[in-house]
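These notes concern the structure reproduced below.
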Amino acid sequence: VDLPLKYWDGPEAKGYVLILPSDLEAAPQNGLLAFKEPKAGKTQSDWQQEQDQFQNLPKLPEDWIRIKSRSNGQMYYWNTKTQTSSFEIPLPEGWTMQKSKTSGKVYYFHAKKKQSRYDRPTEP
């Protein structure tokens, strides 16, 4: 599709077409429409330095950090090593989630400890 970048609507009226990103911030400034780039989100490094705000919550396994979503403020978990995220708190080191073949119930298993349980573990 060809789109004109400017057009004239009579001898005194000129129009210009601007194609802008949808997340661009626009606001009037001194009688003109001003544009600025949206605020950048925090980096992984920023969040790693701000983990003390979550110190009242249970300790996470190694390589996991807590992050608050920019869109709704909901907390989620980020693995700094695998670069994966989850809204479910990660299991402590050594624990895996299993599903019983007979009952279909979810349980948690720790191979080194040879221990299983139905309630989600919070400590290694």
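Data table
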quantity: Qualifying residues in segment 52-93 (those that are aliphatic (A, V, I, L, M) and part of a loop (DSSP other than H, G, I, E, B)) - the one farthest from His110 (Cα to Cα); calculated: Leu57
quantity: Filtered residues of segment 26-51 (kept if under 23 Å from Pro92 (Cα atoms) and in a loop (DSSP other than H, G, I, E, B)); calculated: Glu50
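Bear in mind these aren't lab numbers, they're just calculated from the coordinates by the rules spelled out. Because the structure is predicted, anything quoted here is derived from the model rather than measured.
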